[in-house]
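The next block holds one structure in the form of structure tokens; read it before the comments.
The values are calculated or read from the model by the stated rules, or taken from the named source; none is laboratory data. All figures in this text were calculated on a predicted structure; none of them were measured in a lab. Counting neighbours? That spans all protein chains shown, and the Cβs are built from the backbone with ideal geometry, glycine included.
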Amino acid sequence: MKDQSRFSELSSMSRRRFLVTTGSSTLASYLMLNRPAWALNADVARSGNFGELDATAEEGIDLYLENQDLLIGGRVGRGITINGSIPGPVIRMTEGKDALIRVHNRLPESSSIHWHGILLPFDMDGVPGISFAGIPAGETFTYRFPVRQNGTYWYHSHSGFQEQLGHYGQLIVDPAQTDPVDYDVEHTVVLSDWTFEDPHNVFRNLKTIEGYYNFQRPTLANIDDQMQATGMALGEVIGKRLSWQGMRMDPTDIADVTGATYTFLMNGKSADENPVFLAEPGQKVSCVSSMPRPRPTMMFAFQACR
Ligand SMILES: [Cu+2]
């Protein structure tokens, strides 16, 4: 609120000055309306500044869902934050204890949190229309369930395209007994993606033409490259293409939304922001990773981590 009023004060000042200098009110109002997003949001928070919460602590935890502008890979995007960040906080639980999570929905629409891969009573699963009604705008829902397993998971919205807008985070359940994995340093890593497009648009584009974001499709023009890359003869390359055509699919369908619209994120940071994970020489590092959806390339990158 304070920042907004400071901005309107500044802008009305520069507008007045502008009017005095040029006397052109039309041009002045044009400039005001077309102010780029970064100029309005000089002190916008960066994505990837998330904390860690213990959901099996006695008093439980509070999660706040909000629409918020964030700097993502250096550009301002409007996403859904959990406690002010994308991804949301790392939620820890301890096997054998009870989890207590109050979710406050400050979005203008219904929301939900699904605890991916967690064994729990059906009414705590967080899938609207199946196990509960969803969390209406402005309301709070309390999740409470016994934790019966351990491992690395994630949580996310099960409402509309909210997950694509940043409504997800990592969920780590520590074993009741001593951790069988021995390590000195632990890094938690969430691999995800972000688009500055409206996710509804992305979906509509894919429905219209499945290769919308794929600019590396096999074509007649690059048939030589295909033969070279695969070692196949001309007839084989054409036959393969025809059989995919027959299925009305691309071989790349598993990654149908590409870097053409996606910024790939590691803990909410883009490759340009160079996220780093430090360890001293000789230390054993444990890398606890969660990955919202299948990403073939990133999966391989990840094997090196353990
Ligand atoms: Cu899930």
- Checking ARG102 against (1) more than 21 Å from GLY160 (Cβ to Cβ); (2) modelled with pLDDT under 95; (3) more than 15 Å from the ligand (Cβ to nearest atom), which single condition isn't satisfied? (2)
- Residue that is farthest from the ligand (Cβ to nearest atom) [pool: residues in segment 167-201 that are over 25 Å from GLY73 (Cα atoms) and without any contact (Cβ under 8 Å) to a residue 60 or more places away in the chain]: THR178
- Is it true that ARG148 is of a type in the set (D, E, K, R) and in contact (Cβ under 8 Å) with a residue 60 or more places away in the chain? no
- Message: Can you pull out every residue in segment 111-146 that is closer than 24 Å to GLU197 by Cα, away from the ligand (no atom under 12 Å from the Cβ) and among the polar types (S, T, N, Q)?
- Response: SER111
- Query: Given GLN164, GLN149, which one is closer than 20 Å to PHE264 by Cβ and within 16 Å of the ligand (Cβ to nearest atom)?
  - Reply: GLN164
- Among the residues of segment 122-149 satisfying the criterion of being buried (at least 17 other Cβ atoms within 10 Å of the Cβ), assigned to a strand (DSSP E or B) and of a type outside the set (Phe, Trp, Tyr), which is modelled with the lowest pLDDT? PRO128
- Note on the structure: TRP115 passes all but one of the listed conditions (1) among the hydrophobic types (A, V, I, L, M, F, W, C); (2) outside any strand (DSSP E or B); (3) in contact with a Leu (Cβ under 9 Å, 6 or more places away or on another chain); the exception is number (2)
